[in-house]
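Report on the structure given below.
The values are calculated or read from the model by the stated rules, or taken from the named source; none is laboratory data. Given the structure is predicted, the values throughout are model-derived calculations rather than measurements. Cβ: placed from backbone, ideal geometry, glycine included. Neighbour counts: every protein chain shown. To get the accessible areas, we keep the full protein, side chains included, count just its heavy atoms, and leave off ligands, DNA and RNA. Shrake-Rupley method; radii C 1.70, N 1.55, O 1.52, S 1.80 Å.
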Amino acid sequence: MYIRPYTPQDLDQILKLFYDTVHTVNIVDYSPVQVDTWAPRNPNKDLWNTTLSKNLSLVALVDHEVIGFIDLEKSGYLNRLFIHKDFQSKGLASKLLKELLSLSNHHLITVDSSITALPFFLRHGFQIVRKQSVIKDGIDFTNYHMTKRL
């Protein structure tokens, strides 16, 4: 396994990983309608590529296959952290987060954590600021706004 910066050639694998992870892992904490809204079958590829390209974005690979990704906005907002369903609970998310934080010059990181990822972020020193209800395409989601001081 190795970690490197995102390239646009990674996009299709990232989108598949994102869809599969949300629909198999996050389905434990969210309804089918919620996961379909969160991770639609046909996402906006241009928007994804734009955000991943402008953010500090890293991918984790095994045999040239993307098994995880993370991205941090210039503001210090951790936008996404997803691990392939077959590589959950193996320390990969921790490695990606550690690498990302080592490359960041921020003193405060914020994230809106899913219910599913909440225990992970708590273990890594993030503090809950508030539980929140977020509406996406008319569908209500619960998540947690969290911060971590570096």
- [ ] Return yes when PHE69 is at pLDDT 95 or above, touching a helix residue (DSSP H, G or I) at 6+ places or on another chain (Cβ under 6 Å) and at negative phi and no when it is not.
- [x] yes
TODO: Search the range 47-84 for residues being loosely packed, with under 15 Cβ neighbours inside 10 Å and of a type in the set (A, V, I, L, M), and hand back the single one that is farthest from SER114 (Cα to Cα).
DONE: VAL62
- [ ] Looking only at the range 64-84, decide whether some residue is touching a residue at least 12 places away in the same chain (Cβ under 8 Å), over 24 Å from LEU150 (Cβ atoms) and outside any strand (DSSP E or B).
- [x] yes
Task: Filtered residues of the range 10-29 (kept if farther than 17 Å from ALA60 by Cβ and within 13 Å of the chain's Cα centre (by Cα)) - done: TYR19, VAL22, ASN26
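Kindly provide the set of residues from the range 24-57 that are under 19 Å from ASP86 (Cα atoms) and either among the aliphatic types (A, V, I, L, M) or assigned to a loop (DSSP other than H, G, I, E, B) (or both), ordered by number.
Our first condition is that a residue be under 19 Å from ASP86 (Cα atoms); within the range 24-57, this holds for 24-29, 35, 39.
Correct list: VAL25, ILE27, VAL28, ASP29, VAL35, ALA39.
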Task: Conditions (1) crowded, with 20+ Cβ neighbours inside 10 Å; (2) under 20 Å from LYS148 (Cβ atoms); number of the one not met by LEU101 - done: (1)
Task: Flag if ASP10 is open to solvent by 20 Å² or more (accessible area, probe 1.4 Å) and assigned to a helix (DSSP H, G or I) - done: no
TODO: Select from the range 20-34 the residues that are out of contact with any Lys or Arg (no Cβ under 7 Å at 6 or more places or on another chain) and in contact (Cβ under 8 Å) with a residue 12 or more places away in the chain and write down the one among them that is surrounded by the fewest Cβ atoms within 10 Å (Cβ to Cβ).
DONE: VAL28
